[in-house]
1. If I filter region 217-242 down to residues being over 54 Å from the mean Cα position of the chain (by Cα) and basic (Lys, Arg), which single residue comes out as surrounded by the fewest Cβ atoms within 10 Å (Cβ to Cβ)?
2. So which of 501, 524, 515 ends up being open to solvent by 20 Å² or more (accessible area, probe 1.4 Å), more than 25 Å from residue 628 (Cα to Cα) and assigned to a helix (DSSP H, G or I)?
3. Any chance you could count how many residues in region 366-386 are touching a Pro at 6+ places or on another chain (Cβ under 7 Å) and without any contact (Cβ under 8 Å) to a residue 24 or more places away in the chain?
4. Looking only at residues in region 436-470 that are among the basic types (Lys, Arg) and closer than 17 Å to residue 519 by Cβ, which one is surrounded by the fewest Cβ atoms within 10 Å (Cβ to Cβ)?
5. Out of the residues in region 642-694 that are open to solvent by 40 Å² or more (accessible area, probe 1.4 Å), aliphatic (A, V, I, L, M) and modelled with pLDDT of 70 or more, state the one that is farthest from residue 631 (Cα to Cα).
6. Could you please tell me which pairs satisfy a Cβ distance under 6 Å, a separation of 6+ or placement on different chains, a first residue in region 1254-1280 that is more than 20 Å from residue 1187 (Cβ to Cβ), and a second residue that is open to solvent by 40 Å² or more (accessible area, probe 1.4 Å) and outside any helix (DSSP H, G or I)?
7. Confirm whether residue 210 is over 19 Å from residue 349 (Cβ atoms), surrounded by 17 or more Cβ atoms within 10 Å (Cβ to Cβ) and of a type in the set (Asp, Glu).
Amino acid sequence: MSQFSADDEAELQSLLRHLLKSVKERISGAPSVECAEEILLHLEETDEHFHNYEFIRYLRHYVESVLGSVIEKETESCTSAEGQAVGSGQDTLVQTVTRKTRESNEYKKMVQSLKNTMMVVVESLINKFEEDQMRKEEMHRKNQHEQHSSHYTDNCSDSDSSFNQSYTFIKQEQLQVIAEKLDPSHPKEVRWDALQTLCCAPPSDVINCESWTILRKHLSAALADPDSAMSDKVLRFYAKTFSSSPLNITREIYTSLAKNLESDFLSRTMRIPTLTSGVDISSPDAARLLQKVRLLNEFQKEVPSFWIRHPEKYMEEIIESTLSLLTVTHEQSLRTTGSEKALEPVYFLAMLDIEATWFKKWMHGYYSRTVVLRLLEKKYKSLIVASLQQCIDYLESCSVYNDSISHVQHEQLIGTIRRTLYTGMELEYIYFVHSLCLLGRLLIYTHGRKLFPVKVKNRKDPITLMDFIVMLIRIMYKHPNITISGISHADSLSPTSLVMEVLRTLCDRKECAIECIYTIPVIESLLSPIIALLKGKQVDFNRAETTLTHVADILARIATTERGLSLFLYEENNSSAEGESISAAHVIVQFTRKLLVEKIPALSESTTLTSLKGAFIFVCRQMYNTCEGLQVLKPYGLHDSIVQAWKKASSLSERVPTPVPGAISSSATQDLQNNMVWEETLLDNLLNFAATPKGLLLLQQTGATNECVTYMFSRFTKKLQVSRCEKFGYGVMVTQVAATAPGVVALQSSGFVKALVLELWSVLECGRDDVRMIHPKSTPMDPIDRSCQKAFLALVNLLSSYQAVYELISKQELPNKPEYPLREMPTSIIDIIDRLIIIDSDAKIHSLFNFEQSHTFGLRLLNVICCNLDTLLLLESQYKVSQILLNTQKENVTETSGNQGDFIIDGLSVERNHILVRVNLVGGPSERFLPPRALQKGIDPYPWPMFSSYPLPKSYIIEVPKKSASKQDSEICKFLASSKNSEKQTGWLEHCKKQFCKTMMTKPDAIRGNVLADLLEKIVMHRSVSTSECFFAATDYKAVDSSVKNQSLSSVDKLGIQISVRYGKYLNLLKEDSEQDLCLLMKHCKKFLVQQQAKVKSSLCCLQGGYPGYDWFASSVFLIMSGDKERALKCLLRFSNLLVSAFLWLPRLHASIHLPVEIAESGIHPVYSCTAHYIEMLLKIEVPLVFSAFRMSGFTPSQICQQWLAQCFWNYLDWTEICHYIATCIILGPDYQIYICIAVLKHLQQEILQHTQTQDLQVFLKEEAIPGFHVSNYLAYMERLEQTYRSMVLTDMRNIKLKIT
């Protein structure tokens, strides 16, 4: 059947004709022949009915009949040989058979026969098509008059019929004849006939013909023809061209139409409506204009999506013709001058596209935006001038537009009644909306803003950017009181909504906000009604509450950014109610406080007052959730005002009677819901005080901590955002709260700790219930699998501070059950320690599905939390962690007969070995060596010795380099030698500071040993006898050893003493019998401090007795004094009188009588609420990248700095640097404690940024020492910090004895 008969050819011709008819719509819509070919080539991919066409079925049957036997034969030959398989790297069976079939003679004959036959079939179809076309043209001429009348019925320029006409290929000679026939001098029938023929021609042929210039001129004339049918026919041609032609063709049509419209407005023949008469869209002239403008506008909105694929000159022609049309003014027209102002083209465009969507799309892409802005700047700036003038005119006659706005809103947004007449006032408002949208879009872009200032008529000075923004704010203030009930979006075209959209957009873009919003005049304009209300004046605008809510929205957006916040806090250009010059922050917080106590008469009767209060509290919140903002707002006691409002709202909720069916009206239910929303809003805003250390103390003072944390937990479990202005979730806030004892207690009572533990157990042991297990989980390669990483970091954040650990586990025994059911899940931190960390029984091992992975997780967690020395002592004293790990190591050996076996090296034994070395060795980065927790490649994967009993192998102990004794001829030694009666020498202290700084800069190693001890002793003595230097009243304490010998020390203290003595001996500072002296010193300190401890009423565990941690500062002083107990005790007793003792010596102010009762009962130490607060504040200013890294990690600088300071940098700095830290703070002032922390974080900047990327910042900061840091290297930097911040920081440090407000 390889040859076709005549019948076969006839059948193929019929089937092919049927196929082409089926895809006619696809082909006729193609802009060119090439596109039509592409459509046919890819028909199988795009047409779901492809295989159902009879032509395709016929071809398939033909191929099968010719090649079927060939395919079967090749298939058999490929599979007949035994052992011959098709594998990877070989052709598949199908590919092999296909290749051999295509190489066969049968295939080649079939292809040639099919090709010859189809050529005959296609040629026959073309001949028949030409014959049919000639007959159609003949019939068309005979019936043209009947057809002529039928075409007058539809007057829509872009109706569907214009897109459904077939194309006729016309020769150049025919187009020339058509162009001649379209001449206006010819009769209407001749022109109509020419138009009919032209509409059937492909637009590409028309545009590219030699007669296009004449055709374009005659088509423009036809558009202006009084006969609407004639102009409608041209519009149909234009519409069809727009919809089916490429840009090189449509831009000709577009520019032609734009020029035609421009001539309409400039000529005398066209009757253009005036503002006085308005626009009646039912009139033929107005309808024709609107049709033309609508066609332009539709193309304007579509063309940006594809003009980038064409030469820029095409786009430039379109843009320029548009701007040329829109800048036509009534002064340019040839009409007779009169009092009536004829409407300009921009009015008609605004009627059809009131929000200037076309301009927004043109400005969206850089490709078109540059052209638009260049043309506006060089040739068509009058469009900007006119738009700006319209906004000015609206502002000056704002009250006249009441009815206009109402009508426009109804017509644009509701459209319930079809109106035909738009009045002059409505048109002016429509133009105003269009102008405002256009200018608002212009301000977004840098070069758009460069078009300002703009000179307008009747104004001496040009309008600047700032002037325009202020003008917008004034428009918002003066907007009419329009309310359309039942329509939620009816206000979207009101001046307030339009202005708010512009202002929000500018606020959300940094560069725009800097140039347009963050300026004094704009802030003053926003605050002007607030200042007026504070002064007791009435504001001159309607709906004051709604407008002020909008103002609060903009103020909140400004306060969210660093630049805006700084402007609010420090620019004092606003006048207070008392006439003083104050910053915007003071104005806002004063207004917010007055709102909360309802002391503003002009607003007290408002039903929307609650929303207004919430909006302004939110503005304040953007300030007080930062350290610098809280510093400014703190004196106003806003937290007290908010908590009073919350208590009032809570009491109202409690007084609601029990619902009875039919007893409560819908209004009462709505009031109850509104009150509950208000109550949650207040809690949410109170909670945000916890974003900073000092703010957390203020929150604790309100007594609403538990309620706020419970509210936070409810949102945290739903994974809700903190607010619309926050980029991150509640991670940072949870960490901040967990840094304090009352905070972690609130977290536990809210259920947060339990939820965290359950989530951890789910991912670690259970896996997700909603995941269908098709394949078994892969064995984790990392010590902590990525699925558990988030839970691990959350636990590290929770247990980072000693206060949190103490509240969660102190005086609690481990369950140690004989059996753990597999379905029993842990619910507390004690359970985590019992099940994952201290695994000392077979029952615990058998209770874990993933023993190695889970125990590794527990050991890693133990390693991190033991970096806090107080936490280590607590775990060691309560659970004997070290001994349990040693016993486990002893059991983890190979079984041998007789001799002790070798240690088995696996992941768990390596982890235990690392922890045992870490908890037993104390020292800075160059004083101890910690074995790595990863195996090495090679013969010996773990060359470091393992052990199962103390003392440590010597390979882990780094020998202290022997330093030569301090030369007594150094300047600092000579100075001390000459200062025998320093307390009686005037100016001695300043001279001492200078000498100390000089020595630190030049020979820092000279300040150590006896020199350091003498220096500290003299400086403390000098300050303790000076009334100006003594901060705490001197206490008469008799240091008699016999009085404290019988006093007992806690197990934590005993372990701390052992570690301190071991470290002192390692440093060659202590003798063998120094432990007894350090015990006596600790007993004296405890007795001395207990005498100054207030009796507080608190449920916190840390306040039930003395300081719960170990006194690392006293131990440091003991080591500095080389184990001289008497000398150390005298120094500490004198030191206790100084302000610096409150911050260096943490037990000094534990529940102290020197603190206000409220702060003593809070359990929050000044080192956290003051020092840590200023560390975060200064870090944000001085090292912003590090501050941002902490925010992104969900960790806080206050957490790690609190740990560093509590243990005097033990394990983080070498002993010399610890001594320099203590000496610097005592000699130069307590504020240097803050500066040193800033210097340390600055020193670690690169590592912090790197570990932020690897998402283990908190682990790095806790586990790793601080290598390469020397206090002396950063002394100059710290002196600069002192000059900038001392007055603020030191003042607040001195205020710790004052009651917090």
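1. Only one residue fits best here, namely 217.
2. 501 is the lone residue from the list that is open to solvent by 20 Å² or more (accessible area, probe 1.4 Å), more than 25 Å from residue 628 (Cα to Cα) and assigned to a helix (DSSP H, G or I).
3. 0
4. 450
5. Filtering first and then ranking leaves 672.
6. Correct list of pairs: 1265/925; 1267/925.
7. In short, no.
Residue-by-condition table, conditions (1) at pLDDT below 95; (2) open to solvent by 10 Å² or more (accessible area, probe 1.4 Å); (3) closer than 29 Å to residue 459 by Cβ; (4) not hydroxyl-bearing (Ser, Thr, Tyr):
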residue: 339; (1), (2), (3), (4): yes, yes, yes, no
residue: 345; (1), (2), (3), (4): yes, no, yes, yes
residue: 366; (1), (2), (3), (4): yes, yes, no, no
residue: 396; (1), (2), (3), (4): yes, yes, yes, yes
residue: 402; (1), (2), (3), (4): yes, yes, yes, yes
residue: 405; (1), (2), (3), (4): yes, no, yes, yes
residue: 410; (1), (2), (3), (4): yes, yes, no, yes
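The values are calculated or read from the model by the stated rules, or taken from the named source; none is laboratory data. Since the structure is predicted, the reported quantities are computational estimates derived from the model, not experimental observations. All Cβ positions, even for glycine, are placed from backbone atoms using ideal geometry, and neighbour counts span all protein chains on display. Side chains are part of the model used for accessible areas, which takes the heavy atoms of the whole protein and leaves out ligands, DNA and RNA. Shrake-Rupley method; radii C 1.70, N 1.55, O 1.52, S 1.80 Å.
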